[in-house]
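A.B. asks: One structure is given below, represented as structure tokens, and several questions about it will come after.
The values are calculated or read from the model by the stated rules, or taken from the named source; none is laboratory data. Model, not experiment: these values are computed from the prediction. A quick note on method: Cβ atoms are made from the backbone with ideal geometry, for glycine too, and the neighbour counts reach across all protein chains shown. Just the protein is used for accessible areas: all its heavy atoms, side chains included, with ligands, DNA and RNA removed. Shrake-Rupley method; radii C 1.70, N 1.55, O 1.52, S 1.80 Å.
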Amino acid sequence: MEGRDNRTAVFPHADLKIFLDASPEVRAERRRRELQERGEGHKLEKVLADVRERDRRDREREMSPLVRAADAIVVDNTAMDGKRLLA
């Protein structure tokens, strides 16, 4: 399963927890490319602001805030391209 709170809220006792992360800048560029492929043009600065705002809201929400589980394996995919992620 995938989701921002699965490791801590949905499956807190799972044997394996992976916290997949990337820098906001890289995530924004990936999102901008997704939007472009759908024919939606967005400036990188706007997409980056949206990514940062979503992160802030998720960290500060009252119900199930975004936190990394203490026993999670952290995978930072900032430097990975899509081909390596799918391989």
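A.B. asks: Specify which of the listed residues (LEU48, LEU44) is crowded, with 16+ Cβ neighbours inside 10 Å and modelled with pLDDT of 95 or more. Even if it seems obvious, please write down each step before you answer.
C.D. replies: On the way: LEU44 fails: crowded, with 16+ Cβ neighbours inside 10 Å.
The match here is LEU48.
A.B. asks: Here is a follow-up. Which one is farthest from the chain's Cα centre (by Cα) among residues in the range 51-87 that are of a type in the set (S, T, N, Q) and either surrounded by 14 or more Cβ atoms within 10 Å (Cβ to Cβ) or modelled with pLDDT under 90 (or both)?
C.D. replies: Restricting to residues being of a type in the set (S, T, N, Q) and either surrounded by 14 or more Cβ atoms within 10 Å (Cβ to Cβ) or modelled with pLDDT under 90 (or both), the top hit is SER64.
A.B. asks: Count, please, the residues in the range 9-59 that happen to be within 24 Å of MET80 (Cβ to Cβ) and touching a Ser or Thr at 6+ places or on another chain (Cβ under 7 Å).
C.D. replies: 3
A.B. asks: Just a yes or no: is a residue in the range 6-19 open to solvent by 50 Å² or more (accessible area, probe 1.4 Å), at pLDDT below 90, among the charged types (D, E, K, R) and out of contact with any helix residue (DSSP H, G or I) (no Cβ under 8 Å at 6 or more places or on another chain)?
C.D. replies: For the range 6-19, residues open to solvent by 50 Å² or more (accessible area, probe 1.4 Å), at pLDDT below 90, among the charged types (D, E, K, R) and out of contact with any helix residue (DSSP H, G or I) (no Cβ under 8 Å at 6 or more places or on another chain): present.
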